[in-house]
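Inspection log for the structure reproduced underneath, given as structure tokens.
No lab work stands behind these numbers, since they all come straight from the coordinates. All values derive from a computational prediction rather than experimental measurement. Heads up, the Cβs are rebuilt from the backbone with ideal geometry, glycines too, and the neighbour counts pull from every protein chain shown.
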Amino acid sequence: MVRETRLAPDDFIQPFFVCPGRDVRKPVAAMPGVAQLSVDQVVREARATRDAGVPAIILFGIPSHKDALGSAAWDDNGEVQRAIREIKEHVPGLVIITDVCMCEYTDHGHCGLIKGREVDNDASLELLVREALSHVRAGADMVAPSDMMDGRVGAIRSALDREGASHIPIMAYSAKFASAFYGPFREAAESAPQFGDRRSYQMDPPNGDEAMREIALDLDEGADIVMVKPALAYLDLIYRAKTEFNVPIAAYNVSGEYAMIRAAGINGWMDEERATLEVLTAIKRAGADLILTYFATRVAQSLR
Ligand code: PBG
């Protein structure tokens, strides 16, 4: 009766990796229980997610071809776009969020356009806008830019407004750190940078004040939900964000956080179910209103 924080299925957002083909389930080695799924399989899993009471999913695309511009990102017949249409038709009632970023679509694996050896921030904005508009044309309910280019929230917001999509909210990956905990994701999304790293656009882990400035900028540009990512090593920033801004805060329980718990569980080193609930409860207690987690469907099923 006096418990202060309770997890519920509607706290969660379930991520999916959509790959080309039919009947494809390609397990991600570093994320036991997670697989790249072709559109038909995503539809199946999305139904299980909805039936467990999880209100929303976020889609990442693995295209069949990559190029320097990442042009598959705005292909209206791309994996993500087709998945959106199929899920809308066959699994109504689920909120479909899309991750907007170039790293899965570019042959160099960076989150924006490369000029020389550097990411060209401003030239990347136009590409991200094209990607976001294509997702919304396909029926996405919300877009979530994760690239960390400066100005992308404002650019996407004005493009959506101009194209008659002023009702589509933006969940901004605002305080996104250059983190070792994304390692397994880069295998899942086949998005590891081919040279250099993401430190020119993602944040330096020691910087909490800067994280608050990044959040303030994104809110100014029109973000509706702001995200702290990763979650576990940044619980202080989730708390600060919630108290300083009092807007909906999302936290991403990222691939490496999932992998650690699964690995320990599979090896019998920890009670996996208890550890999972403890971690997710802590993220909520810190102030997260929404938690993106690969555990979403499984935990929601156990909570019902
Ligand atoms: C794309 C993106 C990444 C994640 C979400 N969107 C990877 C990265 O920035 O390298 C990480 C998610 C996870 O680790 O679970 N930019």
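Here are a few things to note about the model shown:
- When its C-alpha radius of gyration is set against 2.2 N^0.38 Å (N residues), the range 1-133 gives a value of 1.19.
- Taking amide H positions as modeled 1.01 Å from N, with prolines and chain starts lacking one, the residues under 5 Å from VAL254 and 5 or more places away or on another chain are ALA231, LEU232.
- FRET efficiency estimate (nearest 0.05) - Cβ-Cβ, VAL2 to ASP289, R0 22 angstrom: 0.50
- The range 1-82: GluC sites (Glu not before Pro) in DSSP coil with no more than 15 other Cβ atoms inside 10 Å: GLU4
- The charge dipole of the chain, taken about its Cα centre with unit charges on the Cβ of Lys, Arg, Asp and Glu (plus for the first two, minus for the last two), comes to roughly 760 debye.
- In the range 186-236, the inverse of the mean reciprocal separation of distinct Cα atoms equals 13.0 Å; this is its Kirkwood hydrodynamic radius.
- Under the criterion of Cα pairs below 8 Å and six or more residues apart, the relative contact order for the range 9-303 equals 19 percent.
- For ILE114, the residues whose amide H sits under 5 Å from its own are ASP120, ignoring neighbours fewer than 5 places away on the same chain, with H placed 1.01 Å from N.
- For trypsin sites (Lys or Arg not before Pro), the sites in the range 174-220 that DSSP calls loop and that have at most 11 other Cβ atoms within 10 Å are ARG199.
- Inter-part distance where the range 156-185 and the range 114-138 are each reduced to a Cα centre, Å: 12 Å
- Rounded to the nearest 0.05, the FRET efficiency derived from the C-beta distance between HIS167 and ASN77 at R0 = 30 Å is 0.75.
- Of the chymotrypsin sites (Phe, Trp or Tyr not before Pro) found in the range 155-195, those that fall in a DSSP loop while having at most 12 other beta-carbon atoms within 10 Å are PHE195.
- Evaluated at q = 0.16, 0.29, 0.31 Å⁻¹, the base-10 log of the normalised Debye intensity for the range 1-56, with identical point scatterers placed on the Cα atoms, takes the values -0.57, -1.13, -1.18.
- Reachable lysines from LYS229, criterion Cα separation under 25 angstrom, eight or more residues apart if same chain: LYS176, LYS242, LYS284
- Tail fraction, Cα-Cα pairs, the range 45-84, threshold 13 Å, whole percent: 58 percent
- Candidate cross-link partners of LYS26 among the lysines, defined by an alpha-carbon separation under 21 Å and a same-chain spacing of 8 or more, comprise LYS66.
- Build a GNM of the chain with springs between Cα atoms under 10 Å apart, and of THR49, THR243, THR293 the one that fluctuates most is THR243.
- Within the chain, all pairs of alpha-carbon atoms sorted by distance into 10 Å bins from zero give the percentages 6, 29, 39, 22, 3, 0, 0.
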